[in-house]
Amino acid sequence: MLDIFLDFYPLLFRGLGVTLLITLISCTSGTILGIFLSLGKIYGNKLVSRTVTAFIAIIRGTPLLVQLFIIYYGLPAYGIRFAPITAAVISFIINSGAYQAEYLRGSIQSVSSGQLKAALSLGMTKWMGIIHVVLPQALRRVIPAWTNEFIYMIKYSSLAYVIGAKELMTEGKLIASRNFQFFNVYMVVALIYLVVIIIFVHLFNKFEKKVAIPGFDFER
Amino acid sequence: MPTKHLLKIEDLHHSFGEDEVLKGISLALNKGETKVIVGPSGTGKSTILNNIIRLVPPVSGKIYLEDVEITSTKKINQIRQQIGFVFQDFGLFNHLTAKGNVMIGLTKVKKMDKKEAEKIAMEELERVGIGGFADSYPSQLSGGQKQRVGIARALAMKPKLILFDEPTSSLDPELTGEVLTVMRNLAQEGMTMLIVTHEMGFARTVADELIFMEGGHIIEQGPPEKLFKNPEHKRTREFLFKLTDLYGEGEE
């Protein structure tokens, strides 16, 4: 296995770079989308709230692979064409946004209504209260779920291989189809995912501790 | 209708669903006055305070802050900047330090420069005797300290009056004492205050006027000594005497 790693690490690392790029863009953009969706669902008017609810239901209720195929293979029929990586990123953002919206909704609703009431009493508008008081608390509470989402996304991004985006899994498959050492190559690929994920989990735990506030987790 | 009172409430009604909790409340507050509303639980005392700054919009009636009709104004946020509110459960922002809690209204609502806001925040925290806890988070403070941060937060906005919604009901007697001391000092400094409380000793010694409410009506209002010693209504006598029996005549 070591010899495979040594022989092919430039290709594998290039693939890993694409994997991380897809994951980072998808997850962070997904967070931004998720924030808007969750705020729309909780604080929006009936139309906005219902639209968001339906959107989330559709995205969470259909397989990611199907969504990816619709975007990459389906949309060109209507003149919309994306490069494989772009198509992958778009479908991952939409998917991650829908999931993150639900995580965020939970953490926003766990911030007591008294907090927003106190913000209003100082003369803040509802949206100022949401931005300066509710979200800073909700976002801290969502970090563990977000970490989970990021880890899922690192692994789910391997789905991009089916439309030929050159990420880690694709590079692995290309190497294996040339030297036929399927077991060894995929073991190396798996180990790379594992090491990267362990590193990220460690980083996020550190981040969570850094932004932690005394006693905050236990406040309701 | 303009008025010379600082705060004036006319024929205020409020209902929660079918349940009418306020059945025509009228009262007025002059600058520098402290009025205390007392009465059995569930008689709508807190609802009045929530109605005043429209945290709960009233069903009908008119409320004025000086010449501005609060009940119809489009600029409710400007009114709320001028009326402080102290909550029973403190309402401190959990993600901010004591100082941050006092500053946020100044920096975000009044758009004050951070340095200036910090200076005011420290002054107000000193004023309520917890300057040493400026960098503590709410979870690190006792209930009494939390409520004093809540009062400092209201004071920092330089309000024309402050509404207190059962400010000591979540506190044990010792902590209640430290919060009441702060409120007593404010009254002496001439702050205008409308207070809902069950602290009869405090009401008796600090209030310029005591308002006894029951069943959504004001039964009787007047100087505390009169209500305690010589009330006009039987119900007032029963309520206040029961409390005096239970807790004595209060402070002093």
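Quick notes
- Test: residue in region A:199-212 that is open to solvent by 50 Å² or more (accessible area, probe 1.4 Å), over 30 Å from B:Y137 (Cβ atoms) and free of Cβ contacts under 8 Å to residues at least 40 places away in the same chain: yes
- When A:I80 is tested against (1) within 16 Å of A:A101 (Cβ to Cβ); (2) of a type in the set (A, V, I, L, M); (3) free of Cβ contacts under 8 Å to residues at least 24 places away in the same chain, just one condition goes unmet, and that condition is (1).
- Counting the residues of region B:185-202 that are under 15 Å from B:E166 (Cα atoms) and outside any loop (DSSP other than H, G, I, E, B) gives 7.
- Top-ranked residue of region B:85-97 - restricted to ones that are more than 8 Å from chain A (Cβ to nearest Cβ) and in contact with a Ser or Thr (Cβ under 8 Å, 6 or more places away or on another chain), ranked as surrounded by the fewest Cβ atoms within 10 Å (Cβ to Cβ): B:Q88
- Residue check for A:S121: within 13 Å of chain B (Cβ to nearest Cβ) and in contact (Cβ under 8 Å) with a residue 24 or more places away in the chain: no
- Annotation note: of B:V128, B:V102, the sole residue that is within 18 Å of the chain's Cα centre (by Cα), open to solvent by less than 10 Å² (accessible area, probe 1.4 Å) and within 11 Å of chain A (Cβ to nearest Cβ) is B:V102.
- Scan of region B:203-232 for residues that are touching a helix residue (DSSP H, G or I) at 6+ places or on another chain (Cβ under 7 Å) and in a strand (DSSP E or B), ordered by number: B:L210, B:F212, B:M213, B:E214, B:I219, B:E220
- Residue within region B:127-137 that is of a type outside the set (K, R), at pLDDT 95 or above and closer than 15 Å to A:A118 by Cβ present: no
- Region A:33-50, residues that are within 17 Å of A:Y103 (Cβ to Cβ) and open to solvent by 100 Å² or more (accessible area, probe 1.4 Å): A:F36
- Filter result for B:F228 (of a type outside the set (A, V, I, L, M) and in contact with a Phe, Trp or Tyr (Cβ under 9 Å, 6 or more places away or on another chain)): yes
- Of the criteria (1) open to solvent by less than 30 Å² (accessible area, probe 1.4 Å); (2) within 20 Å of A:A98 (Cα to Cα), which one A:A57 fails: (1)
- For first residues located in region A:21-37 and over 20 Å from A:I130 (Cβ atoms), partners that are not in a helix (DSSP H, G or I) and lie 6+ apart or on another chain with Cβ distances below 7 Å form the pairs A:I22/A:E167.
- Region B:12-70, subset basic (K, R) and open to solvent by 40 Å² or more (accessible area, probe 1.4 Å), residue nearest to B:E199 (Cα to Cα): B:K31
- Any hit, region B:158-168, residues being closer than 25 Å to B:I53 by Cα, in a loop (DSSP other than H, G, I, E, B), without any contact (Cβ under 8 Å) to a residue 60 or more places away in the chain and open to solvent by less than 40 Å² (accessible area, probe 1.4 Å): yes
- Screening region A:126-137 for residues that are open to solvent by 40 Å² or more (accessible area, probe 1.4 Å) and more than 8 Å from chain B (Cβ to nearest Cβ) and picking the one that is farthest from the chain's Cα centre (by Cα) gives A:K126.
Listed here are the residues, each with its yes/no results for (1) over 23 Å from the mean Cα position of the chain (by Cα); (2) modelled with pLDDT of 95 or more; (3) surrounded by fewer than 17 Cβ atoms within 10 Å (Cβ to Cβ).
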site	(1), (2), (3)
A:S91	no, yes, no
A:G97	no, yes, no
A:L139	no, no, no
A:N148	no, no, yes
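- The one condition in (1) more than 14 Å from chain A (Cβ to nearest Cβ); (2) crowded, with 23+ Cβ neighbours inside 10 Å; (3) out of contact with any Phe, Trp or Tyr (no Cβ under 8 Å at 6 or more places or on another chain) that B:R80 fails to fulfil: (1)
- For B:G61, the requirement of being facing chain A (nearest Cβ under 9 Å), small (G, A, S) and under 30 Å from B:L12 (Cβ atoms) is not met.
- Single unsatisfied condition, A:R141 versus (1) part of a helix (DSSP H, G or I); (2) free of Cβ contacts under 8 Å to residues at least 24 places away in the same chain; (3) out of contact with any strand residue (DSSP E or B) (no Cβ under 9 Å at 6 or more places or on another chain): (2)
- Of all residues in region A:104-125, those satisfying the criterion of being open to solvent by 50 Å² or more (accessible area, probe 1.4 Å), out of contact with any Gly (no Cβ under 7 Å at 6 or more places or on another chain) and assigned to a helix (DSSP H, G or I) are A:R105, A:Q109, A:S113.
The values are calculated or read from the model by the stated rules, or taken from the named source; none is laboratory data. These numbers come from a predicted model, not from an experiment. Because the Cβ atoms are built from the backbone with ideal geometry, glycine has one as well, and the counts that use them run over all protein chains shown. Note: areas computed on protein heavy atoms with side chains; ligands, DNA, RNA excluded. Shrake-Rupley method; radii C 1.70, N 1.55, O 1.52, S 1.80 Å.
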